[in-house]
1. Estimate the FRET efficiency between B:L109 and B:M515 by the formula 1/(1 + (r/R0)^6), using the beta-carbon distance for r and 30 Å for R0, to the nearest 0.05.
2. Per 5 Å bin from zero, what fraction in whole % of the C-alpha pairs of segment A:157-237 is there, up to the bin with the longest pair?
3. So how long is each side of the protein assembly as shown along the principal axes, counting just the alpha-carbon atoms, biggest first, in Å?
4. May I ask for the angle, rounded to the nearest 10°, between helix A:185-199 and the longest principal axis of chain A, with both axes built from Cα atoms and the value confined to 0 to 90°?
5. B:K219: which lysines have alpha carbons under 17 Å from its alpha carbon, excluding same-chain residues fewer than 8 sequence positions away?
6. Could you work out how much longer the chain between B:T57 and B:F384 gets when fully extended? Use 0.36 nm per residue separation minus the Cα distance between them, nm to one decimal.
7. Mean separation of Cα pairs under 8 Å and 6+ residues apart, divided by the residue count of chain A: what relative contact order is that in percent?
8. DSSP loop (so not H, G, I, E, B), at most 16 other Cβ within 10 Å: list which GluC sites (Glu not before Pro) in segment A:117-190 pass both filters.
Amino acid sequence: MNATTQVDLTQVKPYGDTMNDGMMELAFTLPVPYGEEASEAAKVLVRQMGLDEPSVVYSKDMGGGFTFFVIYGKCQHTVDYTSIKVTKVDVDVMERLECAEYIKENIKRPVILLGASTGTDAHTVGIDAIMNMKGFHGHYGLERYEGIEAINMGSQVPNEVMIAKAIEVNADAILISQTVTQKDIHIQNLTNMVELLEAEGLRDKIILVCGGPRISHEIAQELGYDAGFGSHSYAEHVASFVLTEIVKRGMINRKSL
Amino acid sequence: MAKSKLNLDPKIVDSARSSAGRIAGNVQEFIDRHTTVSTERTILRLLGVDGVDDVETPLPNVIVDQIKDAGVLSRGVAYWIGNAMIKTGLEPQEIAEKVAAGELEITKLEMADVKDAEEKIIPVVMDSLKKIRAQTEKRNEYLATIGEGKRPYLYVIVATGNIYEDVVQAQAAARQGADIIAVIRTTAQSLLDYVPYGPTTEGFGGTYATQENFRIMRKALDEIGEEVGRYIRLCNYSSGMCMPEIAAMGAIERLDVMLNDALYGILFRDINMQRTLVDQYFSRIIIGYCDIIFNSGEDNYLTTDDAYEAAHTVLASQFINEQFAVLANIKEEQMGLGHAFEMDPNTENGFLYELSQAIMAREIFPKAPLKYMPPTKFMTGNIFKGHIQDALFNLISVWSGQSLQLLGMLTEAVHTPHMQDRYLSIENASYIFSNARDLGEEVEFKAGGIIQERAQFVLREADKLLHEIEKEGLFSTIEQGKFGGVKRPRDGGKGLEGVCVKDEYYFNPFIPLMMGGTK
């Protein structure tokens, strides 16, 4: 076997069709008029990004002094894969029926989960995917989980209203969905929730989870959440985390909020 | 109905339609007895009242709040303004300014006869209608001179949050081939019980629907339309708590398309159902009068509910939206009933079902400029597959003869569209529309095949649902969660406090004149 087909995990490069060819594809727009100068400018830019032999395979005049490019180049940088660390939600994922079994055996009382898309966010697609009976992509939502009482408050729920509801229903966990992330509005809103819970003295008494296409566990933890769930998360991920956490934190026989 | 390629039974279509007619008719009896704060503010806007007071409260709100606080909104703002005009000799805007300055309480003036108040206000009303008509004529003149794009119209959104940046993006999109520009509204406006004032430069996920923003974008689109030799239509949202007010602004500033749905606000924004149903009536009368195409929001059912299982709820809601539009005197050519391409891409034969449903909508609403919405729910961030999903959507659209094609973006689920995303999506649609232009004329479907049977099934289910709704009443159907799987109580949600029973002398001078198509 040829040695070049072996990957060196301490010096990884993008792969096109040959090990270490570094091939990458880029698509972007420059606010300059279409023409040879535009293509040259794009190549210079891509070279500065660390891609050698940039090749403009396509460019298009988009009108109004804008040009679109598709460019290939060979990446000169490498990455040491062996040194990569990622914070992930650390839990063994249980399927829906296993969750029900887990509640019966370990928690022995209904688990109350309160969810909403909060702040100004009007999108319910995320919270619905996790909570609604039907779920998403063949993964049933929390409403279908035996032993879990799932309350979906919908969209544009102010943080204060959600906290009041959490106290009213004595929620074990608050699940917040954020879809709109323009100008980092979700960060402000998520931070505000933590601050309000802390001010009410509730932060330690409740499990706080957020999710959304731009959310990662790492961001969530930085903001003071217990967990964050990004794309490709389903109800079973959220449920497994919350249920395990209830046991881990000794919340089984907790007092009312 | 022309000969159905889907072998739909015209008797079932008639049965569903007449059932929807009775459903809307029953609600209309409720609507006719009520008015709302937003309906009354709309009358003020149409009478030329605009601007804000020193704490940024719009003047229409200032007046309506004063009347409401005095407990006499049931008489209607038209009476109070007509009366104030008689007693003060001032014009509506001057009256509004005096009220805002705390110099006038219009409910404390001596009360003239209702007939005299109405007579006093009619010239202002006629003048307002004349301005709106001038805008409609201007549109017709553009269509007659520079013309328009072929259907399906390419419909794209701009959503930078800054109206001036939106202009740059909108003009670029028009140069690339777009026919309709929708300016996305900032999140949360739907729940504001007032219309913000002035241009927006810092919105989240969009700009406010304000009269100034409408004006700025209208001007930009007229300019670019003249440049590219094609009338570019402008779309915004006549929805939320200020549904009719925004329709009035749209009429005045010559919007061409407005999102407007009899049920959407109830289901997806938790606005009180009584409030929305009364509001939608006046908004639709305005829309009908000035030739705006309305877009209903049935596509949204399929983002919350399953697109395969809930297809009949879309059709049932289209029938209901159609019948509410009939009651507001809207022509079929203005009924942009909505539906969407939202089936799970893993569904075997999903394309056949989508095609079947799209052709079904076309056959059942033959003259309606149907609004077809792109895949969103199953867009993943895999932009390459997303581009293919959009291509299938485009193919169905040209095949089934849709009218308003909201273009899917390969970056759906990633970010609001970048300039190149919009270019790629326009290129995708233009290619497919041209390459398959007359496909629909060429193809017929196998009798009793998957495509025919799917549409027949959905129609039968919709008819059944409509008859259930008719029996239950629309209010209690919504309470039970039959649309979009969302339950809303009759007295719940936002804005109920803004609903008011009319007294026997109430009048809204615009309704009879607009319904009569006053020239």
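1. Efficiency, from the Cβ-Cβ distance: 0.50.
2. 3, 15, 29, 26, 18, 9, 1
3. Projected onto its principal axes, the Cα set of the protein assembly as shown covers 99, 70, 61 Å.
4. 30
5. B:K131, B:K138
6. Working it through step by step, the gained length comes to 113.0 nm.
7. Answer for chain A is 16 percent.
8. A:E146
Readers should treat all values here as calculations from the given coordinates under stated rules, not as data from a laboratory. Keep in mind that what you see is a predicted model, and the values were worked out from it rather than measured. Because the Cβ atoms are built from the backbone with ideal geometry, glycine has one as well, and the counts that use them run over all protein chains shown.
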